[in-house]
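Read the structure below first, then the notes.
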Amino acid sequence: MDMNQYLEVFIEESKEHLQACNEQLLELEKNPENISIVNEIFRSAHTLKGMSATMGYEDLAKLTHQMENVLDAIRNHKLTFNPEILDVIFLAVDDLEAMVQSIAEGGDGKRDVHEVVEKLLMIEKGESISQIAKSEVAAAVAEHKPTVKSVYDEFELTVMQQSKEQGFETFEVTVSLREDCLLKAARVFMVFEILEKIGEVIKANPSVEQLEEEQFDQEFTVTIVSKEVKEDIHKKVMKVSEVERVEVHALSLEALRQFELDAPELITSIEPILEEKEPAETSVERQQEDKKAGTTSSSKNSSNKTIRVNIERLDILMNLFEELVIDRGRLEQISRDLNNQELHETVERMTRISGDLQNIILNMRMVPVETVFNRFPRMVRQLARDLDKKINLEIIGAETELDRTVIDEIGDPLVHLIRNALDHGVETPEVRKANGKSEEGTVILKAYHSGNHVFIEIEDDGAGINRDKVLAKAINNGIITGQAAVTMTDKQVFELILASGFSTAEKISDVSGRGVGLDVVKSTIESLGGTISIDSNLGRGSIFSIQLPLTLSIISVMLTEIQNEKFAIPLSSIIETAIVKKSDVLNAHNQRVIDFRGKVVPLLFLKEIFEVPVFEEEDEFYSVVIVRKGDKMAGLVVDSFIGQQEVVLKSLGNYLTNVFAISGATILGDGQVALIVDCNSLIK
C-alpha cells in the first residue's frame with residue numbers, strides 16, 4: 001500500500017493527538033487522582049503509536065510504546081502519579097512533536113530519544129518492574145536490552161494470534177552477516193528462502209524493499225510463524241554462507257499485547273480517518289442549515305459529514321471569487337449606464353447570490369482561534385516554573401473564528417503579550433501575599449466577535465503599569481520630551497511601552513528585558529489591519545486589547561476622488577464624513593485643523609501627500625473623511641465622495657513594498673485601479 005497518500009492526514013492527526021496529550025497532562029496536574037484523564041492520554045498515545053507503526057515511523061512508535069507502559073502502570077495503580085513523572089512525559093511529548101514536525105518538513109521522523117526513553121524506563125523500573133517480571137518485554141526492559149526488535153500493528157498481531165490457535169509459534173530471527181559480505185542482498189534472499197520453507201514470514205525489519213536495496217548495515221530481523229523449534233530454525237539459517245550470527249527469540253503474544261489492553265482502536269490503515277475524524281484546521285463544513293438553526297459545528301449528529309480540504313485549494317477558490325467580485329462591480333456599472341430594467345434585475349439577483357457565495361467561502365476559511373490558543377497552557381506552565389510564580393491561565397471564547405491568514409500571523413504577537421503579562425504583570429507569590437492578593441495570579445485570554453472585527457484580550461491581575469516609571473524611561477530614551485509628557489493621557493503613556501527598544505525590566509533574563517517584542521507585536525497587528533490598545537490600573541492589573549478584521553481579502557471601503565484619481569478608504573477606520581467650509585479651517589502649530597464636535601482634529605490633504613496633479617479650481621468647501629486610530633483622529637481631505645463599495649484588496653507586489661500610506665489596490669467596476677489608503681500610517 002502506498003502510504004504517501006495518507007501522509008498529510010497522518011501529520012494532522014498526530015498533531016491533534018499530541019495537542020490532546022498536552023491539554024490532558026495539564027488537567028492531570030490539577031487532578032492527579034482522576035484516572036479517566038490518564039485513560040484519555042493513554043488512548044491518544046496508543047492511537048498515535050498505531051498510526052506511526054502503520055506509516056513506518058518506528059522511532060515514533062517505540063517512544064509512544066514506552067510512554068504507554070508508564071501511563072498503563074499509572075491507570076492500573078502500579079505507579080503513583082507525581083510531578084517528576086509528569087515532567088518526563090512532557091519531555092517525551094516534546095520529542096514526539098519534534099519528530100512529527102520533522103516528518104511535516106519532509107524529514108524521516110528519526111530522533112535520538114535515548115535520554116527520554118531511559119528516564120521512562122527508570123520510572124517504570126523503580127515502581128512497577130516487580131509486578132510485570134513475568135513479561136518477556138518487561139524483563140528485557142529491566143536489562144535495557146529489548147528483545148522485541150519490531151513494532152507490530154493490529155493486523156500482524158491478529159495473524160500471530162490465529163497462528164498460535166492453530167499450533168504455530170511466533171519467532172523473531174535476527175541475522176548478522178559478516179562484515180566482509182559482498183552480496184548482502186543475495187544472502188538475505190537465501191535466508192528468506194529457508195525461512196519461507198519452514199514457516200510464514202510476517203514482517204521484516206528493515207523492510208523487504210530496504211533489504212533488497214541493501215539499505216542496512218549487517219543485521220536484519222525477520223518475524224515468522226512456524227511449528228519448528230527455535231534450535232532447528234537456528235541451525236538451518238546458520239547454513240547460509242557469510243552469516244556470522246543468528247539469534248532466534250520466541251515471542252509471547254501476551255507480552256506484545258500488554259500495552260494493547262482497553263485500546264482496541266489501534267489503526268492499521270489511515271483510510272478510516274478520512275471518514276471518521278473531524279478536521280483539525282481548515283475544513284468544508286456541510287452544516288450551513290444547522291448553523292442557521294442555531295446549532296454548533298461541534299454538536300455530534302449522525303448526518304454531519306466533514307472532509308479535509310487543503311488550504312491552498314481554498315486560496316485558489318478565494319482568488320477566483322475575488323475576480324468574480326471585480327466582474328460583479330463591472331456589471332453593476334454597466335447596468336447603471338444602460339439603465340435596462342431586465343439587466344438591473346439580473347445583476348441584483350447575481351449580486352445577492354454572489355454575496356451568499358462570498359459568505360460561504362469566507363466561512364470555509366474561518367478557523368477557531370483555539371488552534372492558536374492551544375499552545376499557551378503548556379507555555380504558561382513552563383514560564384511560571386521558570387519565574388517561580390503561580391499562574392492560573394483562563395481561556396474564554398476559544399471557539400471564536402478568524403480568517404486562516406490572520407490566524408497564521410497572530411500566534412507570535414500573542415506569545416509576546418502572554419510572556420509580558422507573566423514576567424512584568426503578575427508578581428511573585430511573596431509580593432502578592434504582601435499586597436493582600438492570593439498567591440496565584442490569573443491571566444485571562446479572551447476572544448470575541450464584535451461587528452466585522454474579532455477582539456482578543458490578554459488580562460492579568462498583576463501590578464499594572466507604573467505611569468511615572470514608563471514616562472521616566474521614555475524621556476530618558478528620547479522617545480518623548482518632558483514637556484510633552486505633562487499633557488499625555490494615561491492611555492497614551494501606556495502605549496509608549498509599544499515603542500521600539502522600550503523596556504522597563506531592571507535586568508535582562510531569558511524571558512524579557514532586551515526591549516524586543518512589543519514593538520514587533522504592534523507592527524504585526526497593524527500589518528494585519530488591526531489595532532492594539534492598553535488599559536491598566538496600578539496594583540490591579542492590565543488589559544491588552546487587540547482588534548482584528550475578520551478577513552483580509554474583501555473589505556468595505558468609501559470610494560473618494562481626488563482630481564482624476566480614485567482612492568479607497570476602509571470603512572473600519574472611518575468615523576464619519578463631513579463637508580467643511582474653508583473659512584472654518586484653523587491653524588495650530590503649523591498644522592491646519594478643524595473643530596470637530598469639540599475636539600481639535602488635524603487635516604491631511606491627500607492630494608499633497610500623494611502628489612496628485614491639480615487640473616481644476618477648488619471650490620469653497622472641503623470634503624473630509626474623519627478617520628480614527630485608537631484615541632487619535634484625523635481628517636482626510638478629498639475632492640468628492642463616490643460612495644460605499646465592497647472591493648477586493650490586492651497587494652502592490654514585490655516592487656512596491658515601501659509605498660507610504662498605501663496598503664494595496666483594487667480594480668473598480670469601470671476597470672480603473674483605485675489605491676487603498678492605510679489610515680494607520682497617515683495618523684502615525
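The values are calculated or read from the model by the stated rules, or taken from the named source; none is laboratory data. All values derive from a computational prediction rather than experimental measurement. Please note: Cβ atoms are built from the backbone with ideal geometry, for glycine as well, and neighbour counts cover all protein chains shown.
Below are the figures for this structure:
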item: Yes/no for Phe621 being surrounded by 11 or more Cβ atoms within 10 Å (Cβ to Cβ) and either outside the structural domain of Asn319 (by TED's automatic domain parsing) or of a type in the set (Ser, Thr, Tyr) (or both); result: yes
item: Sole residue being at pLDDT below 85 and buried (at least 18 other Cβ atoms within 10 Å of the Cβ), chosen from Gly513, Gly530, Gly541; result: Gly530
item: The one condition in (1) in a loop (DSSP other than H, G, I, E, B); (2) assigned by TED's automatic domain parsing to the domain that holds Arg404; (3) on the phi < 0 side of the Ramachandran plot that Ser533 fails to fulfil; result: (1)
item: So Val627, is it more than 30 Å from Ser335 (Cβ to Cβ), part of a strand (DSSP E or B), of a type in the set (Val, Ile, Thr) and touching a helix residue (DSSP H, G or I) at 6+ places or on another chain (Cβ under 6 Å); result: yes
item: Within the stretch 421-495, helices (runs of 4 or more DSSP H) holding 2 or more residues that are buried (at least 20 other Cβ atoms within 10 Å of the Cβ); result: 467-476, 490-494
item: Residue count for the stretch 574-607, restricted to those that are part of a strand (DSSP E or B) and either touching a residue at least 40 places away in the same chain (Cβ under 8 Å) or at positive phi (or both); result: 10
item: Residues located in the stretch 24-49, provided they are under 24 Å from Arg111 (Cα atoms) and touching a helix residue (DSSP H, G or I) at 6+ places or on another chain (Cβ under 7 Å); result: Leu25, Ile41, Phe42, Ser44, Ala45, His46, Thr47, Leu48, Lys49
item: Residue within the stretch 221-231 that is touching a helix residue (DSSP H, G or I) at 6+ places or on another chain (Cβ under 6 Å), aliphatic (A, V, I, L, M) and without any contact (Cβ under 8 Å) to a residue 40 or more places away in the chain present; result: no
item: Test for Met366: is it farther than 16 Å from Glu457 by Cα and at pLDDT below 85; result: yes
item: Selection within the stretch 329-347 - of a type outside the set (Asp, Glu) and surrounded by 11 or more Cβ atoms within 10 Å (Cβ to Cβ); result: Gly329, Arg330, Leu331, Gln333, Ile334, Ser335, Arg336, Asn340, Leu343, His344, Thr346, Val347
item: Residue in the stretch 20-38 that is among the β-branched types (Val, Ile, Thr), without any contact (Cβ under 8 Å) to a residue 24 or more places away in the chain and not assigned by TED's automatic domain parsing to the domain that holds Lys203 present; result: yes
item: Enumeration of residues in the stretch 456-502 that are of a type in the set (S, T, N, Q), closer than 25 Å to Glu526 by Cβ and free of Cβ contacts under 8 Å to residues at least 60 places away in the same chain; result: Asn477, Thr481, Thr487, Ser500
item: Hits in the stretch 557-572 - residues which are of a type outside the set (D, E, K, R) and farther than 16 Å from Lys650 by Cβ; result: Met558, Thr560, Ile562, Gln563, Asn564, Ile569, Leu571, Ser572
item: Those residues of the stretch 632-659 which are in contact (Cβ under 8 Å) with a residue 40 or more places away in the chain, of a type outside the set (Lys, Arg) and under 22 Å from Tyr622 (Cβ atoms), in sequence order; result: Met633, Ala634, Gly635, Leu636, Val638, Asp639, Ser640, Phe641, Ile642, Gly643, Gln644
item: Candidates Ile458, Ile465 - the one that is outside the structural domain of Leu571 (by TED's automatic domain parsing), among the β-branched types (Val, Ile, Thr), touching a helix residue (DSSP H, G or I) at 6+ places or on another chain (Cβ under 8 Å) and farther than 19 Å from Glu370 by Cα; result: Ile465
item: Unmet criterion (only one of (1) part of a helix (DSSP H, G or I); (2) within 20 Å of Leu18 (Cα to Cα)) for Leu362; result: (2)
item: Output for the stretch 317-350, where each listed residue is of a type in the set (S, T, N, Q) and part of a helix (DSSP H, G or I); result: Asn319, Gln333, Ser335, Gln341, Thr346
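Conditions (1) at pLDDT 85 or above; (2) over 20 Å from the mean Cα position of the chain (by Cα), marked per residue:
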{"residue": "Met1", "(1), (2)": "no, yes"}
{"residue": "Gln5", "(1), (2)": "no, yes"}
{"residue": "Glu12", "(1), (2)": "no, no"}
{"residue": "Lys30", "(1), (2)": "no, yes"}
{"residue": "Ser36", "(1), (2)": "yes, yes"}
{"residue": "Ala73", "(1), (2)": "no, yes"}
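Let's see how each residue does on (1) touching a Gly at 6+ places or on another chain (Cβ under 6 Å); (2) within 11 Å of Leu63 (Cα to Cα); (3) modelled with pLDDT under 80:
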residue: Leu86; (1), (2), (3): no, no, no
residue: Ser102; (1), (2), (3): yes, no, no
residue: Glu118; (1), (2), (3): no, yes, yes
residue: Lys125; (1), (2), (3): no, no, yes
residue: Ser130; (1), (2), (3): no, no, yes
residue: Ala133; (1), (2), (3): no, no, yes
residue: Val137; (1), (2), (3): no, no, yes
residue: Val141; (1), (2), (3): no, no, yes
